[in-house]
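Everything below concerns the one structure shown next.
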Amino acid sequence: MLLICWELPYYKTMTLGKVSAFEGLPATKPSPEVTRENARRAYRIMLEARILEEKLAVLYRSGKIVGGVFLGRGQEALSVSLGIHLRRGDVYAPLIRDQAGRMAFGDTILDTLRTYLGSSLGSMRGRDGNIHRGRPSEGYHAMISHLGAMVSTVCGGLMAKRFRGETGAVGGTCIGEGGTSTGSFHEGMNLAGVEKLPIVVVVANNQFSYSTPNDRQFACSDLLARAEGYGVRGRRAVGNDLMDCLGVIGEAVSAARSGEGPQLVVADLLRLVGHGEHDDATYIPASMKESPLGKDCLDLARTTLLEKGWLTGEEADEWRKIVEKEVEETSSKVLREPVPDPSEEDWNAFSCLDSQQHLLHQGERQ
Amino acid sequence: MSAITYLEAIRLAQQKALQEDPRVFIYGQDIGGFGGAFKATKNLAKEFPGRVLDAPISEDAMVGLAIGAAVEGMRPIIEMQFADFSTCGFNQIVNQAATLHYRTGTSCPLVVRLPSGGTPGGGPFHSQSMEAIYAHYPGLIVMTPATVEDAYTMLLEAVALDDPVIFCEHKFLYYHLKADKLPDTVLPFGKARIARQGRDATVVAYSAMVHEALAAAEELTHDGYDIEVVDLRTVRPIDTDTILASVARTGRLLVVGEAWPWGGVAAEVIARVATEGFGLLDAPPQRLNAKETPVPYHPALWGTHRPTASSVANSLRQLLEL
């Protein structure tokens, strides 16, 4: 059941019931954030993320990737829509299913593969892996596994800019509906509201936190209602509709950038894979997979772009071939790269070792 | 100049840091116009508008904010109202701040000030000593100043360091301890100090326990013993060389800590001396810590729960007879 039941302009719609009964939304007027150029770019990045992640799954199954592989299949439209609206100088803290957003923010196929495969040439140098990667000094935060923790970290980056008198920067972070249950998320949102920071927090409500359904995760009827509690603006996006995600998140980012304070975007969707590649996700009912929620955002985006005449089938096929080739070549290259050598590792967790070497060495020689 | 307390030294260090480094800001509960629960930031909000900010009661988000700001080049100082409450920000400290440099190569220069240790009537949730817990995590520097001078210089050093620093300032020392002036020169962090020279036994202590150890050493002069007291100053890094050199002189070791014994700083010191300086010992190394219960409320219980000059002296007498 879908009801239009909120008078405030920023609440587009509100679903009732603990598992939202998504049935699709009527077409809204096109957002100025959705242009031919950014829609094409977004689709291209979604395609790259999808093809790269398919390769990651193969590498995992063939034993080349240790630990885990956590894919964003089905969430690319939402993810890319945040990354694509951020720019250099912004702060971005992606989460588990944000391969597309990461690439839109400037991450690469090469560094993704290097991190997953543990290449010593990657940004994490084998010290951390898979989705735990970033370049914090460039505003690209490296998530920790503890959900909700990155909200306040992004707030801190924005506070630093405020202290320095820099304006116009935005912070963006993503989280799943399960992550909204943490104290850390709550504290971060509350803090963002108190400081009126230019942060956009995107909640991907993919209906299952690992295996736990929403009725065991939260009791409120709609996560979007939480925006009011934090004193921040709430917006809803259709999670598997690229045009809607680009429009809604683009407007949220613009609003934050122009000083309107924190923005919470909630989007319903379904992850089309398990929590990780080790998980067959048998807990997701077939009826949900067959519902509009289960529609693949990549297919939907392609159809829409073709209908609008913003992309031709030949172009899309050509893009796929180019990306597949790049992923294959990069994977082969990274598989030949050096892995970390324990005897070369400095085994030092302190940044000040160089300047205070005589002191720390003395204390930490074990 | 009137006498400067340990608390005032902390306030003055923060004032100096704010004056000299535009990257510094202070964030914590009630630290703005109110000046902090202990007044460690008194008048600083007025003197440095917009740089001494009240935080919501959100220890996790306070530390998270500091991490994000540090990554962007700031030098945040976080005031926990009591060390005990830092457990609510524990995740950000140990999993994000402590791991950041190792994982990403990006430094995370921040200071978390922990008003630590017991005071009469503090009870279980306003008395804890958390240094061993934080020292357990690679990537965190843990400072435990015992003097007014160290409170001042080490806090300034903490702000200047590129790593996250847990600054354990002892509440019991806030008002009791006084100095005539603040030092110009600094004994570098990571270096222990011989607080009292002696030849018969070494007491290794830190923070408020240094003063209990010094009083015990004084008491033992009446028994004809000359006790050496080593003030660790920082518990991580720990200055094993100075400890071993002292044990080499005395042959006997007692380690005193206000925290619980299990897996603590005293245990670490003894482990290091046993593994690296076993041959220096004339007797089994001993430790004296708090009793293994939560910190009790009533002063009569609290005074027995923590090591005191009297219990340190008793432990020393036993050690000297071994």
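The values are calculated or read from the model by the stated rules, or taken from the named source; none is laboratory data. Just so it is clear, the model here is predicted, and its values are computed rather than measured. We place every Cβ from the backbone using ideal geometry, glycine too, and count neighbours over all the protein chains shown.
Miscellaneous remarks
- Extreme residue, modelled with the lowest pLDDT, among residues of segment B:170-197 that are surrounded by 20 or more Cβ atoms within 10 Å (Cβ to Cβ) and in a loop (DSSP other than H, G, I, E, B): B:Phe189
- Hey, A:Arg127 at the interface with chain B (Cβ under 7 Å from one of its Cβ atoms), surrounded by fewer than 24 Cβ atoms within 10 Å (Cβ to Cβ) and not small (Gly, Ala, Ser) or not: yes
- One residue alone among A:Gly148, A:Gly157, A:Gly229 is within 14 Å of chain B (Cβ to nearest Cβ), surrounded by fewer than 19 Cβ atoms within 10 Å (Cβ to Cβ) and of a type outside the set (S, T, N, Q), and that residue is A:Gly229.
- Residue in segment B:113-120 that is assigned to a loop (DSSP other than H, G, I, E, B), within 13 Å of chain A (Cβ to nearest Cβ) and surrounded by fewer than 21 Cβ atoms within 10 Å (Cβ to Cβ) present: no
- Contact map, segment A:282-293: first residue under 15 Å from A:Ser211 (Cα atoms), second residue polar (S, T, N, Q), Cβ cut-off under 8 Å, separation 6 or more or different chains; pairs are A:Tyr283/A:Ser211; A:Ile284/A:Gln207; A:Met288/A:Gln207.
- Counted residues, segment A:83-124 - those being at the interface with chain B (Cβ under 10 Å from one of its Cβ atoms) and out of contact with any helix residue (DSSP H, G or I) (no Cβ under 8 Å at 6 or more places or on another chain): 0
- Boolean, B:Thr99 is facing chain A (nearest Cβ under 9 Å) and without any contact (Cβ under 8 Å) to a residue 40 or more places away in the chain: no
- Taking the listed residues B:Val52, B:Val63, B:Val71, the one that is over 21 Å from the mean Cα position of the chain (by Cα), among the β-branched types (Val, Ile, Thr) and closer than 21 Å to A:Val194 by Cα is B:Val52, with no other qualifying.
- Criterion: out of contact with any strand residue (DSSP E or B) (no Cβ under 8 Å at 6 or more places or on another chain) and either at pLDDT 95 or above or among the hydroxyl-bearing types (Ser, Thr, Tyr) (or both) - qualifying residue of B:Tyr27, B:Tyr137: B:Tyr137
- Selection status of B:Ser246, within 25 Å of B:Glu8 (Cβ to Cβ) and at pLDDT 95 or above: no
- Of the residues making up segment B:275-297, those that are within 24 Å of the chain's Cα centre (by Cα) and surrounded by fewer than 19 Cβ atoms within 10 Å (Cβ to Cβ) number 5.
- Residue in segment B:231-240 that is surrounded by fewer than 16 Cβ atoms within 10 Å (Cβ to Cβ) and either under 21 Å from the mean Cα position of the chain (by Cα) or modelled with pLDDT of 95 or more (or both) present: no
- The residues of segment A:131-161 that are assigned to a helix (DSSP H, G or I), of a type outside the set (A, V, I, L, M, F, W, C) and within 18 Å of B:Asn91 (Cβ to Cβ), listed by number, are A:Pro136, A:Ser152, A:Thr153, A:Gly156.
- The lone criterion from (1) modelled with pLDDT of 95 or more; (2) farther than 19 Å from A:Arg257 by Cα; (3) touching a strand residue (DSSP E or B) at 6+ places or on another chain (Cβ under 9 Å) left unmet by A:Ile199 is number (2).
- Among residues of segment B:52-81 that are more than 8 Å from every other protein chain (Cβ to nearest Cβ) and touching a residue at least 40 places away in the same chain (Cβ under 8 Å), those with a Cβ under 6 angstrom from a residue that is surrounded by 24 or more Cβ atoms within 10 Å (Cβ to Cβ) and part of a loop (DSSP other than H, G, I, E, B), sequence gap 6+ or separate chain, pair up as B:Arg75/B:Pro109; B:Glu79/B:Ile31.
- Boolean, B:Thr153 is away from chain A (no Cβ under 13 Å) and either crowded, with 24+ Cβ neighbours inside 10 Å or touching a residue at least 60 places away in the same chain (Cβ under 8 Å) (or both): yes
- Residue in segment B:93-116 that is in contact with a Phe, Trp or Tyr (Cβ under 7 Å, 6 or more places away or on another chain), over 21 Å from B:Val230 (Cβ atoms) and of a type in the set (S, T, N, Q) present: no
- Scanning segment A:309-366 for residues that are at pLDDT 95 or above, assigned to a loop (DSSP other than H, G, I, E, B) and among the polar types (S, T, N, Q) yields a total of 1.
- Filtering segment B:37-57 to residues that are of a type outside the set (Lys, Arg) and on the phi > 0 side of the Ramachandran plot leaves B:Asn43, B:Gly50.
- Single residue of A:Glu315, A:Glu307, A:Glu329, A:Glu290 found to be surrounded by 14 or more Cβ atoms within 10 Å (Cβ to Cβ) and of a type outside the set (Phe, Trp, Tyr): A:Glu315
- Scanning segment A:96-116 for residues that are buried (at least 23 other Cβ atoms within 10 Å of the Cβ) and of a type in the set (A, V, I, L, M, F, W, C) turns up A:Ile96, A:Ala100, A:Met103, A:Ala104, A:Phe105, A:Leu113.
- Residue check for B:Leu301: over 21 Å from B:Tyr206 (Cα atoms), in contact with an Asp or Glu (Cβ under 7 Å, 6 or more places away or on another chain) and in a helix (DSSP H, G or I): no
- Residues of segment B:75-96 classified as assigned to a loop (DSSP other than H, G, I, E, B) and crowded, with 24+ Cβ neighbours inside 10 Å, total: 1
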